[in-house]
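For reference, the structure is listed below as structure tokens.
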Amino acid sequence: MRRLLLRAGVARYHRAKNTGLTQAGVNWPCRAARRPWGRLLLSILVVGSVGLDDVQTPMGCRRRVLGGACTYFAAAASLYTQVRIVAVVGTDFPQDHIDLFVSRQIDLRGLQVVEGETFFWSGLYRDDLDACETLDTRLNVFADFHPTIPDELRDSEYLFLANIDPELQLEVLDQMHHPRLTALDSMNFWITSKKAALIEALSRVDVVLLNESEIKLLTQQPNWIAAAEAILGLGPRALIVKRGAHGAALVTRGESVGDRFFMVPAYPLDYVVDPTGAGDTFAAGFMGYLAKTGDLSLGAMRRAVVQGTVVASFTVQDFSIDRLRTLTLEEIHVRYQTLRRLTYFEPATEDEFPGFDRALI
């Protein structure tokens, strides 16, 4: 009965989608939808996990909350533009979570519902919130997941490959129809267990997002700057190094240090509740901004890194995606301007910093 109810809920969504309405009767933005000023919406396809989490931090604990890289990314990126997800859930997945996706106008045509239990993760954060101890991971239906991209989603303009098996990331790339921008996230486990497949995958995308320890592990370089340049040598046009409490760095090709590196500090917060999903929502702010503006210049990518930093700063101030439920673009703009003020020290002209408007991708 549970399986039938959940599948019926997704089926109702698909019927509503095909008629241009959501369950709530709200107009659905299809690929050809336009913003009020007439520009086409650019869609982001995200492929990854949707799961249920148990999380414990010094600020408390939550049981079976909504989690997964795909979830965090979609919840944040849907503030900027249309988001489509490809993922799998089990028949135990709560209908309330499906309803939340629909309320955010997230395209669920790529969401599979499979008999069994949903991907589950349990983690513990101690006083050092940059480190998480994984207590339990149950792949469940995610163990047999092979992403099948519906034909009508293969022309998505932007693609984010969340942290999944690099062989699955390659499967997705093979199915897409020339997206404008592709980005990839990964982790230590895949670097050590499927390094060859990961290197092939990152050689086929435009942007790679990894943290400092991951790029050192992948390249066997002790210095993160040397590691970053080694990764660019494998093929991607840009690398974002997530540095936790130290912020983030965008690394691109260029003639000088100022051309190649862009550094953003972390947004100063007086409290952090739950760091889970910070990296995924950073990616959402980054790609969401680029999709919203349609600008892929170097200057736009640098601004997008700041957007990602800001969105992640909101995410960590509550459990799960709870802060994202009420987050607005206006709040993001206010914090963006604050971060700009914190890092501003003098004006610069085009003569001083040439090339900010050059096309990067």
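Quick note: the coordinates plus some simple rules give every number you see, no bench work behind them. Quick caveat, the model's predicted, so the values are computed rather than measured. Positions of Cβ are backbone-derived with ideal geometry, glycine not excepted, and every protein chain shown enters the neighbour counts.
Listing for the model above:
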read-out: Estimated FRET transfer efficiency (residue 269, residue 115; beta-carbon r; R0 41 Å; 0.05); value: 0.45
read-out: Given charges at beta-carbon only (K, R positive; D, E negative), |dipole| of segment 141-220 in Debye; value: 340
read-out: FRET efficiency for residue 61 and residue 99, using Cβ-Cβ distance with R0 set to 35 Å, rounded to 0.05; value: 0.90
read-out: Residue exposure sequence - 130, 99, 318 - by fewest surrounding Cβ within 10 Å; value: 130, 99, 318
read-out: Footprinting exposure proxy for 361, 164 (fewest neighbouring C-beta atoms within 10 Å first); value: 361, 164
read-out: Proxy reagent accessibility, fewest Cβ within 10 Å first, across 316, 65, 257; value: 257, 65, 316
read-out: Whether segment 203-305 is rounded, prolate or oblate, judged on the alpha carbon gyration tensor where a/c under 1.5 counts as rounded; value: oblate
read-out: Stokes-Einstein D for the chain, Kirkwood Rh over Cα pairs, 20 °C, 1.002 mPa s (µm²/s); value: 103
read-out: Neighbour count of at most 16 Cβ within 10 Å plus DSSP loop: longest chymotrypsin sites (Phe, Trp or Tyr not before Pro)-free window in the chain; value: 38-270
read-out: Label-point separation, residue 167 to residue 255 (7 Å along Cα→Cβ), nm; value: 4.6
read-out: Peptides 228-235, 171-178 ordered by average Cβ neighbours within 10 Å, highest first; value: 228-235, 171-178
read-out: Options 247, 78, 60, ranked by Cα towards positive dipole end of the chain, top entry (Cβ charges); value: 78
read-out: For segment 62-136: span of alpha carbons on each principal axis (Å, largest first); value: 38, 33, 18
read-out: Cα shape, segment 232-361, gyration tensor, a/c 1.5 rule; value: prolate
read-out: Cα shape, segment 303-361, gyration tensor, a/c 1.5 rule; value: prolate
read-out: Cβ-placed point charges (K, R +1; D, E -1), dipole of segment 76-164 about Cα centre in debye, nearest 20; value: 200
read-out: Antiparallel DSSP beta bridges within segment 123-255, as percent of all bridges there, nearest 5; value: 40
read-out: Simple label model, 7 Å out from Cα along Cβ direction - residue 180 to residue 193, nm; value: 3.6
read-out: If the convex hull is drawn through the Cα atoms of segment 113-259, its volume per residue in Å³; value: 133
read-out: The chain: angle of helix 278-293 to the longest principal axis, Cα-based, in degrees nearest 10; value: 80
read-out: Share, in percent, of DSSP beta bridges within segment 56-211 that are antiparallel, nearest 5; value: 35
read-out: Cβ-based charge dipole, the chain, positive-most Cα from 294, 203, 220; value: 294
